[in-house]
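One structure is given here, and the rest of the page talks about it.
The values are calculated or read from the model by the stated rules, or taken from the named source; none is laboratory data. What you see is a predicted model, and the numbers here were worked out from it, not measured in a lab. No Cβ is skipped: glycine too gets one built from the backbone with ideal geometry, and neighbour counts run over all protein chains shown. The area values use the complete protein model at the heavy-atom level, side chains included, leaving out ligands, DNA and RNA. Shrake-Rupley method; radii C 1.70, N 1.55, O 1.52, S 1.80 Å.
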Amino acid sequence: MRLTTAVFAAVALIFLQTAAAAHGIYVCDANGNEKSVFYTNESVYVKGSVPYPDNASLAYIINHTTWTERANLTVNQMTQKLVSTNSSNIIPVIVLWGDPKAGSYDVVLDVNGNQTYEAAVDYVDNLTAVGFYVYDTPTKKLNAGLTSKSPSSISVTAAGDGNATNMMHFFLSSSSAEDITVVDITLSPLGSGNEKSGVLYVQLIEDTDGDGVYNKSVGDKLLELCQYTIDKGICRFSFPSGFKILANKTTYFLITYTFTSNVSTGQVYQFQIPSITAYITSTLASLSSPNLPLTSAAATIASLTITTTSITTTTQTTTTIQATTTTTTQTTTTTTPSSLPQLPVDFTTILIIVAAVVVVIVVIVALVFLFRYLSKSQSIIIKE
């Protein structure tokens, strides 16, 4: 008799569990898509069904636990709300928690409203695992930092030769899975050197392979140039069309100084990046970079050889006077490389300018013809 009762009870429990499995309550988004991860800036919605049409039940969100029969639902609850089924036994999508806190949770539907978990009538998402997680909303920012290839100090032993000195190697990346657009990067000088007279120009280079060396053959690109117009003034790299930092990708950069011959032994040249203007490409929301400022190497002018680089062109003209006298005139032209390196030609901009010029010419010609036509018409009217 006892065996028969035990078998009956087991069969009944299986039946109840199977029936319950056909229904349930689930966390979802506002569109009813089931999900298991939320952020603290999102609302937690629920949906579901129970075999009771037009029935009101209490839905709880509870800190995740190991579920036992007759567990008190009010002990670890985060929130509760009355939800109802429609005539088709469906619980329509409804917001259950509008300001979630970070943690791991289960959602429980207390069908009979007795504030106690009963496996035979109540529904849990999830009995065997965490129902859903809530994480702190990630802060969207522009990550910036020096790399291991960025020098800390440099001894400059040659100046005025047109060669560039690597002052900083740094990276930029997005803290979220979204593209970032950089508008400008500002340099603020440090040290005893005079930037206006001692630094010919500053280069910003995209180091595509991140090796800390400017190498065009591997795709490294000269992005922008800037010059110090006054000593201890700022130098700014600007991107009118924006420079994009792709989502989930780190972009590396080099900043170089090209020194003039107007430097003196013992002078120190250094700079910081105190600010970078950037925004999220898709939303235009501005971004901060908490890792700033970044500080470059301290470049000390050592005992050096000053080179005045020049290109000498000699033109020789020989004139023969009589049969025995020769006069030679020699012209020497010296060119000092004071001009900046050439940035890549922007053919799109050139085409736009050409098109604009053509449009202006067409408009002028049309106005001339219109003026002549109106003048001719006026003359005819006067004669009549």
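Peptide packing: for 188-199, 71-82, the average count of neighbouring Cβ atoms within 10 Å per residue gives the ranking 188-199, 71-82, highest mean first. Share of segment 22-67's accessible area from carbon and sulfur, percent, 1.4 Å? The C+S portion of the solvent-accessible surface of segment 22-67 is 42 percent. Shape class for segment 169-260, computed from the alpha carbon gyration tensor (a ≥ b ≥ c): prolate, with a/c not under 1.5 and a/b above b/c. Accessible surface calculations at 1.4 Å, restricted to protein heavy atoms, place segment 154-210 at 30 Å² per residue.
The calculated FRET efficiency for R70 paired with N41, based on their beta-carbon distance and R0 = 41 Å, is about 0.70. Expressed as a whole percent, the accessible surface of segment 81-182 that belongs to carbon and sulfur atoms is 50, based on a 1.4 Å probe. Selection among W67, S152, S84 by position relative to the dipole of segment 46-156 gives S152 as farthest towards the positive end (Cβ unit charges, Cα centre). Approximating the spin labels as points 7 Å out from Cα along Cα→Cβ, the S197-to-E34 distance works out to 7.6 nm.
Classify segment 235-281 as rounded, prolate or oblate, taking a ≥ b ≥ c as the square roots of the eigenvalues of its Cα gyration tensor: rounded when a/c is under 1.5, otherwise prolate if a/b is larger than b/c and oblate if not. Note, shape of segment 235-281 comes out prolate.
Rounded to whole numbers, the Karplus 3J(HN,Hα) couplings from phi for segment 44-55 are 9, 9, 10, 8, x, 7, 9, x, 9, x, 6, 10 Hz, using 6.51 cos²θ - 1.76 cosθ + 1.60 with θ = phi - 60°, and x at Gly and Pro. 3J(HN,Hα) couplings calculated from phi for segment 142-153 with the Karplus curve 6.51 cos²θ - 1.76 cosθ + 1.60 (θ = phi - 60°) are, in sequence order, 9, 7, 9, x, 6, 9, 5, 8, 7, x, 9, 8 Hz; Gly and Pro show x. Inter-label distance, D136 to A285: 1.7 nm, where each label sits 7 Å from its Cα along the C-beta direction.
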